[in-house]
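Reading through the structure tokens given below for one structure.
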Amino acid sequence: MTSSHETIEVPRCSLKTELSKVSRPPRFVLSSKLAIEPVLEELEKRIGGVPLELRPPRDFLKESEELLIVGQGDISGLSRRQRWAVPYFLWNSEREWWKNTVLIDDFLAWADREGKAAPGRLWGHYLLNMNPESVATQRLAHWLDARSDKLAPALRDFSRNCNLFKPEQAIAKFAGSLLAGPFLIDEIIDLRVDREKLLKSACLLSVFKTLGQRLRDYHHSSVVPQTLKHLLADLRENPIHKMQGHAGLGQAAQTSLVEGLVIWADRQGDAAIIPTLDFLHILIGDPRLYGARWTEIDSGVRQTVERWLTDITLETFFEVFKSQPTANPKMVAEREIFWRGYRKKISRAWLITGINGRAIAERLLGKSFGQFGSSAEADHLGLMMQMGSYVILEMNQNGRTLFWPMSDAAMPDFYQVEYKRGALIDLCRQATLASGDGGRFHMTHPNPPGQKMYWQSKYEDKISKVIGVSRSAILTPPPIPATPQDAAAPP
């Protein structure tokens with residue numbers, strides 16, 4: 001007999017039994033159109049930018065182009081998806097499809113049959129690859145212009161405001177806008193154009209080429225060096241060689257931009273020279289260190305940049321010299337006044353610093369300076385200068401001033417990373433210069449006991465006789481202030 005409170009227990013299945021049962025996946029039934037789709041379509045009509053499309057995999061692009069090669073530019077053998085891959089290599093392939101008018105016209109005729117979405121899809125490709133010299137750009141500009149009513153309002157308005165479908169006018173407008181700041185570039189990015197793709201685009205190369213031409217005759221102040229430096233910061237050093245364009249466009253853009261910037265900045269003066277040099281260090285590098293990059297640049301432009309670098313190297317030497325503690329501030333001011341008197345006669349200059357001066361040198365010169373080896377003191381400093389056919393190495397503290405002919409194979413060249421201070425002094429320590437003959441020699445700043453001639457007069461006389469370079473300063477130096485900060489401007 002059982003109690004009324006007793007329950008009947010259902011025997012439990014083992015885990016093995018449960019796992020052995022066949023399970024059916026849940027079924028979801030989707031409506032033919034999601035409720036959110038009309039909302040997205042309405043937003044696209046009102047503010048739509050460039051349609052977001054994933055770039056096809058590289059293998060797929062390669063496969064599509066190989067089929068195009070087999071068909072000798074005939075797109076009839078390509079699937080729909082493969083045809084939409086064509087704009088990804090149309091401008092940049094080594095096959096130079098951008099010159100093939102039959103391919104371009106056939107592709108655009110097919111795109112017409114694809115419906116109203118085609119202009120929006122091709123707008124971004126057109127913008128990023130825009131080069132007025134390209135047949136593909138010219139053909140697509142005409143095609144898009146005739147179908148601009150099918151573009152989203154934001155793309156249509158931007159295209160109209162920038163004359164986008166007249167490539168030369170559009171590129172000129174983009175270039176001119178950079179003289180005032182990056183505002184137009186920001187506007188393009190706001191249209192959902194990928195920023196990295198824009199920075200690496202043929203369009204921007206075309207803009208740089210035109211901007212350089214514009215700067216040659218531009219007589220107004222501008223923040224263009226700062227704008228370009230900020231714009232290309234993500235691409236780091238030598239950015240143009242990381243950008244994409246058909247053969248020759250990158251080099252043409254770099255040559256035009258460098259030459260235009262230098263000509264403009266030299267006309268503007270120091271306010272423009274400093275930021276221009278700062279940008280050139282990133283864009284192409286110091287011509288004294290990266291000569292191969294400057295082979296296509298006009299020689300006069302290169303000489304101008306080297307003159308700027310010589311001036312800034314001199315200024316950096318004086319700044320480091322004055323920043324280091326010294327028992328004789330008068331000596332520092334004397335040397336600054338003396339060597340400034342030769343400023344226009346110095347054709348090359350290279351700073352050599354010890355550990356203490358490295359931070360200032362890096363701030364003002366980037367990588368463009370040398371260092372003394374480990375045997376030198378932390379506060380040692382040197383300035384290599386070329387005057388005429390001679391090299392002069394002026395050293396701080398009580399160091400000697402070394403002189404040697406440019407042709408002296410035993411002595412180091414300009415622009416080295418490291419110099420051995422002690423070895424340089426030893427090479428010139430015993431050398432003397434008799435009767436004005438050329439050779440290696442040294443001089444010292446303190447006057448010999450009992451001699452009243454100023455060291456400046458002694459140096460000036462020797463430089464004039466041996467090197468043939470005269471200084472504009474008078475033999476008797478002006479009164480020296482108590483501190484370097486009070487030093488007068490050079491005569």
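Some points to look at:
- Helices (runs of 4 or more DSSP H) completely within segment 146-260 that count 1 or more residues being at pLDDT 95 or above and hydroxyl-bearing (S, T, Y): 153-161, 167-178, 202-216, 224-231
- Number of the exception - R160 against (1) surrounded by 18 or more Cβ atoms within 10 Å (Cβ to Cβ); (2) assigned by TED's automatic domain parsing to the domain that holds V135: (1)
- Taken together, the residues in segment 275-293 that are in a helix (DSSP H, G or I) and in contact (Cβ under 8 Å) with a residue 12 or more places away in the chain amount to 10.
- The set of residues in segment 134-157 being touching a residue at least 60 places away in the same chain (Cβ under 8 Å) and either under 14 Å from L108 (Cα atoms) or surrounded by fewer than 23 Cβ atoms within 10 Å (Cβ to Cβ) (or both) consists of A152, P153, A154.
- G436, sole failed condition from (1) in contact with a helix residue (DSSP H, G or I) (Cβ under 7 Å, 6 or more places away or on another chain); (2) surrounded by 12 or more Cβ atoms within 10 Å (Cβ to Cβ); (3) at pLDDT below 90: (2)
- Residue list for segment 363-378, restricted to those being assigned to a loop (DSSP other than H, G, I, E, B) and crowded, with 18+ Cβ neighbours inside 10 Å: S368, F369, A376
- Enumeration of residues in segment 259-292 that are among the β-branched types (V, I, T) and farther than 14 Å from I312 by Cβ: V262, I263, I282, I284
- Selection of segment 363-391 for residues being of a type in the set (A, V, I, L, M) and over 24 Å from F441 (Cβ atoms) yields L364, L365, A378.
- Residue pairs whose Cβ atoms lie under 9 Å apart, sitting 6 or more positions apart in sequence or on different chains, and linking a residue in segment 375-392 that is in the same structural domain as R348 (by TED's automatic domain parsing) to a partner that is of a type in the set (S, T, N, Q) and in a strand (DSSP E or B), are H380/T353; L381/T353; G382/T353; I392/Q386; I392/T401.
- For segment 310-323, the condition of being over 33 Å from the mean Cα position of the chain (by Cα) and in contact (Cβ under 8 Å) with a residue 60 or more places away in the chain holds for none of the residues.
The values are calculated or read from the model by the stated rules, or taken from the named source; none is laboratory data. Worth saying up front: this structure is predicted, and the values here are computed from it rather than measured. Virtual Cβ from ideal backbone geometry, glycine too; neighbours counted across all protein chains shown.
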